[in-house]
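Structure first, then comments.
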Amino acid sequence: MICTSCKKTEAVVFIKHIIDNQVSQAAFCAACAAKAHVPLNPVNPMAALLQLAAKAGASRARVSAAARCPGCGTSWTDFRETGRLGCACCYDHFADLLRPLVPRVHAGAYVHRGKSPQTPPRRSSA
């Protein structure tokens, strides 16, 4: 896709705004994005949630920045910056810190309730 600003270079940044059900889209090359002060690294929703939780004091448990998962070496600081855990052991190692975040991620629930598949239509034997 070509940059919607200069109409010359290949776009690398794509922006979609939805305001009052009105959708507008733009695509920028790196140079035009820099001129328009558009960040080249978008916000990670999980990292933003973690920053809000930290500001609100949702995570009362204390962990030193040096505390690392014994399985992969991921630290709590790494998780807060990226929003990603490194391995399955991280869930156990950081359980006390993760527990307050679960209801925020799952719309207030501590248990994920996904959709059940619909039953296939029955075939008539005619």
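Write out, first by first residue and then by second, each pair whose Cβ atoms fall under 6 Å of each other, whose residues are 6+ apart or on separate chains, and whose first residue, in region 15-26, is surrounded by 10 or more Cβ atoms within 10 Å (Cβ to Cβ) while the second is modelled with pLDDT of 85 or more and not in a strand (DSSP E or B).
Once the first residue is surrounded by 10 or more Cβ atoms within 10 Å (Cβ to Cβ) and sits in region 15-26, its partners that are modelled with pLDDT of 85 or more and not in a strand (DSSP E or B) give A26/T4.
Can you go through H106, H37 and tell me which one is under 30 Å from K7 (Cα atoms) and at pLDDT below 85? Don't jump to the end; show me each part of the working.
On the way: H106 fails: under 30 Å from K7 (Cα atoms).
Going through H106, H37 in turn, just one is under 30 Å from K7 (Cα atoms) and at pLDDT below 85: H37.
Only residues that are outside any helix (DSSP H, G or I) and at pLDDT below 85: list them for region 56-83, please. Quick ask: steps written out before the conclusion?
Within region 56-83, the subset outside any helix (DSSP H, G or I) is 57-75, 83.
Listed by number, the residues that qualify are G57, A58, S59, R60, A61, R62, V63, S64, A65, A66, A67, G83.
The values are calculated or read from the model by the stated rules, or taken from the named source; none is laboratory data. Just so we're clear, the structure is a prediction, and the values are computed from it rather than from any experiment. We place every Cβ from the backbone using ideal geometry, glycine too, and count neighbours over all the protein chains shown.
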